[in-house]
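J.: Please read through the structure below; I'll follow up with questions.
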Amino acid sequence: MENRSDILSIDSRGVKTPEPFKAVAVEDNSPPRVNSDHHFSNWPYNCCYFVPKLMNAEGAISLLNHDAEFHPADSNTPEHLKVVDLTETGSSSFDLSPLESEFDDLLQLSDLNHGSTRILFISQKRRYHKNRTTNRYGLKHSTWLSILSSGDIPPDVVQLIHENNGCWGAHTSYCPDVRGKSCRVKSPDDSLGQTLCAYHIWLKPRPWWNEEHFVYARHGFHSRKKLLLVVGTSLEAQQQRLLSQFHSATQPHLFSVLLALTTTWTKDLEEFVWEQDFDTQRLESDTGWSTVGHTQLKPLPLDKLALRKDMVFTKDALSHVVRASESLSELFIFLSKEVRTIPCNGYNVNLRYNQLKDAFLQQGSKQWHQKRQAQGLIGRIDTQWNVISALMAQHTNSLNFQIARDSRIDTIVMRRISFVTIAFLPATFLATFFSMSFFTSGDITANPTIWIYVVCVIPLTLAIAWQSSARRWFAVRWVVSKLQKKAPKRSDFFEDQGEGIQMARNSLHMA
């Protein structure tokens, strides 16, 4: 940036009137920006906004080397990055290729006018392996380093992209702390070096299901140029939202752009919630038990009800919604507090702090109610689980009762068959036994001694029938109880008392 004598001095209270500044010459000991291979291998040490006392450069480098996946260096996959510009003439988009000669200049915003915004979209998604996870980028490693170095991206941004639990934060760069920038100027009354250079903000809600979103935004206080780095999934929807919303807007406020991006994230989450709502209604239609009372399908028969894995699947998806809604709600509260960091003066739109703050609080309220909706759906899933469990238990008990009744009937029939078998068994045995000599061979006249057969069969049959009946056991027990005489058992207490009395009598007798 060229040194200008009419540059604005901006403090935490707003914008002051132009006053002459005195440039302070400072030696730049930062490492060279480009090596012989035109790769930015010195990042993040060559980033002008890098603060060694606050930022962990080694941690960011380690994440790029061990927790990231990129396209191979010899890959022929085209790397076309989508770029959206918001200028004084409106919004426009174009594809940016790393092979272009102006690639670095476009990332450094050298072609943008005062107050314009450039948004760069990069695909990224968390990939799960057997024992670890990695961030998968849709570009080459050298291209990603070039973007980080040319765009002066601080190392904290890379660390937050790899964060899997959601986070957000902001950082203000002051001119005396910025290395290698010509904006390092100092006003006569700025003895503490509090001249603002750039405002940084990064946002990443908690990922849900297969959706990840991250944005890094920087606002230069001197040039009012804004750079946004959007990393994650669903990039096409975010691009279309920006192009349509800022089609006729001229140089929108940075927080207006952040509001457009974050509301796109909430829209994706809302659509996901509605999918789970429909799945919950479908599960309720299986039993016919619904709190909303508008299921149209008939309940399934009891024999077809089962505790399926899609119930657990839906409940797990809703738990993701609850956590993501909590994260987004806290994110909007953070944005509503940070909105005053950048003054609205100088923008060509009639925008006030309260309007942006109210918009963020409204989105936060929607997320709070969406969280309550997801919790209600989880309760309905639990209700369906209990209803199906109760119906299944009732159906099982009914089947067990039917089986027990059929078994009882079968038992009665078998007892009758057994009784008949037992009743005819002696007769069959004796008939076989006496058939050898009681009847005359070749004559149907019975032997006069046939009465022996009758006299033997009848007592034997009655004896076996009586032995097989339950009354026989009661009779035996009654007889045994009458015959057995049990002597009453004396307790140890009474025995001790008896011995004591006997000893007392003996002592009296001796006396």
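J.: Under 8 Å between Cβ atoms, at least 6 apart or on separate chains: pull out the pairs that start in segment 152-175 with a residue that is free of Cβ contacts under 8 Å to residues at least 24 places away in the same chain and end on any residue that is among the charged types (D, E, K, R).
T.: Here the result reads C175/K181; C175/R184; C175/K186, each pair linking segment 152-175 to a residue that is among the charged types (D, E, K, R).
J.: Next question, about the same structure. Residues being under 28 Å from the mean Cα position of the chain (by Cα) and surrounded by fewer than 14 Cβ atoms within 10 Å (Cβ to Cβ): count how many of those fall in segment 380-407.
T.: 4
J.: Enumerate the pairs (first residue in segment 317-328 and under 12 Å from G166 (Cβ atoms); second residue anywhere and of a type in the set (S, T, Y) and part of a helix (DSSP H, G or I)) with beta-carbon separation below 9 Å, excluding pairs fewer than 6 apart on the same chain, so at least 6 apart or on different chains.
T.: Pairs found: S325/T266; L328/T262; L328/T266.
J.: Okay, next question. For segment 256-308, which positions are on the phi > 0 side of the Ramachandran plot and modelled with pLDDT of 80 or more? Break it down stepwise before answering.
T.: The first filter runs over segment 256-308 and keeps only residues on the phi > 0 side of the Ramachandran plot, leaving 288, 293.
Scanning segment 256-308 gives a single hit, G288.
J.: Only residues that are assigned to a loop (DSSP other than H, G, I, E, B) and basic (K, R): list them for segment 202-253, please.
T.: Here is the first cut: in segment 202-253, the ones assigned to a loop (DSSP other than H, G, I, E, B) are 205-207, 209-210, 212, 221-225, 233-234, 246-253.
Answer for segment 202-253, where residues must be assigned to a loop (DSSP other than H, G, I, E, B) and basic (K, R): R206, R224, K225.
J.: Another question, then. Pairs please, first residue from segment 121-132 and touching a residue at least 60 places away in the same chain (Cβ under 8 Å), second anywhere and of a type in the set (K, R), Cβ atoms under 6 Å, 6+ apart in sequence or on different chains.
T.: F121/K82; K125/R136
J.: In the set V178, V185, which member is β-branched (V, I, T), at pLDDT below 90 and either farther than 18 Å from L109 by Cα or touching a Pro at 6+ places or on another chain (Cβ under 6 Å) (or both)? So that I can check it myself, show each step before the final result.
T.: Values: V178 fails: either farther than 18 Å from L109 by Cα or touching a Pro at 6+ places or on another chain (Cβ under 6 Å) (or both).
Being β-branched (V, I, T), at pLDDT below 90 and either farther than 18 Å from L109 by Cα or touching a Pro at 6+ places or on another chain (Cβ under 6 Å) (or both) holds for just one of V178, V185, which is V185.
J.: Which members of segment 58-112 meet the condition of being assigned to a helix (DSSP H, G or I) and loosely packed, with under 11 Cβ neighbours inside 10 Å?
T.: So the first thing to find is which residues in segment 58-112 are assigned to a helix (DSSP H, G or I), and the list is 58-66, 103-107.
Hits for segment 58-112 are E58, N65, H66.
J.: Then there is this: Only one of T77, T87, T143, T134 is among the β-branched types (V, I, T) and touching a Lys or Arg at 6+ places or on another chain (Cβ under 8 Å); which? Walk me through how you get there before you give the answer.
T.: Values: T77 fails: touching a Lys or Arg at 6+ places or on another chain (Cβ under 8 Å); T87 fails: touching a Lys or Arg at 6+ places or on another chain (Cβ under 8 Å); T143 fails: touching a Lys or Arg at 6+ places or on another chain (Cβ under 8 Å).
Criteria check complete, one pass: T134.
J.: Let me ask another. Restricting to segment 67-91, count the residues that are under 24 Å from Q245 (Cα atoms) and in contact (Cβ under 8 Å) with a residue 40 or more places away in the chain.
T.: At the first step, the residues of segment 67-91 found to be under 24 Å from Q245 (Cα atoms) are 80-91.
Applying the additional criterion that residues be in contact (Cβ under 8 Å) with a residue 40 or more places away in the chain yields 81-82, 84, 86-91.
The qualifying residues number 9.
J.: Regarding segment 338-352, can at least one residue be identified that is at pLDDT 90 or above, under 18 Å from K267 (Cα atoms) and either among the hydroxyl-bearing types (S, T, Y) or surrounded by 14 or more Cβ atoms within 10 Å (Cβ to Cβ) (or both)? Break it down stepwise before answering.
T.: First pass over segment 338-352, keeping only residues at pLDDT 90 or above: 338.
Of the ones still in play, those that are also under 18 Å from K267 (Cα atoms) are none.
Taking every residue of segment 338-352 in turn, none turns out to be at pLDDT 90 or above, under 18 Å from K267 (Cα atoms) and either among the hydroxyl-bearing types (S, T, Y) or surrounded by 14 or more Cβ atoms within 10 Å (Cβ to Cβ) (or both).
J.: State yes or no: is D152 over 30 Å from the mean Cα position of the chain (by Cα) and on the phi > 0 side of the Ramachandran plot? Break it down stepwise before answering.
T.: On the way: over 30 Å from the mean Cα position of the chain (by Cα): yes; on the phi > 0 side of the Ramachandran plot: yes.
So D152 passes the test.
J.: Here's a follow-up. Condition test on D310, is it within 30 Å of T396 (Cα to Cα), of a type in the set (D, E), in the same structural domain as Q373 (by TED's automatic domain parsing) and loosely packed, with under 15 Cβ neighbours inside 10 Å?
T.: The answer is yes for D310.
J.: Then there is this: Can you tell me which residue among L243, L228 is assigned by TED's automatic domain parsing to the domain that holds T87, surrounded by fewer than 20 Cβ atoms within 10 Å (Cβ to Cβ), modelled with pLDDT of 90 or more and of a type outside the set (S, T, Y)?
T.: On the way: L228 fails: surrounded by fewer than 20 Cβ atoms within 10 Å (Cβ to Cβ).
Being assigned by TED's automatic domain parsing to the domain that holds T87, surrounded by fewer than 20 Cβ atoms within 10 Å (Cβ to Cβ), modelled with pLDDT of 90 or more and of a type outside the set (S, T, Y) holds for just one of L243, L228, which is L243.
J.: Looking only at segment 295-342, which residues are among the polar types (S, T, N, Q) and part of a helix (DSSP H, G or I)? Step through it out loud before you land on a result.
T.: To start, the set of residues in segment 295-342 that are among the polar types (S, T, N, Q) comprises 295-296, 314, 319, 325, 327, 329, 336, 341.
Listed by number, the residues that qualify are T314, S319, S325, S327, S329, S336, T341.
The values are calculated or read from the model by the stated rules, or taken from the named source; none is laboratory data. Quantities reported herein were computed from a predicted structural model and do not represent experimental measurements. As a convention, Cβ positions derive from the backbone with ideal geometry for all residues, glycine included, and neighbour counts pool all protein chains shown.
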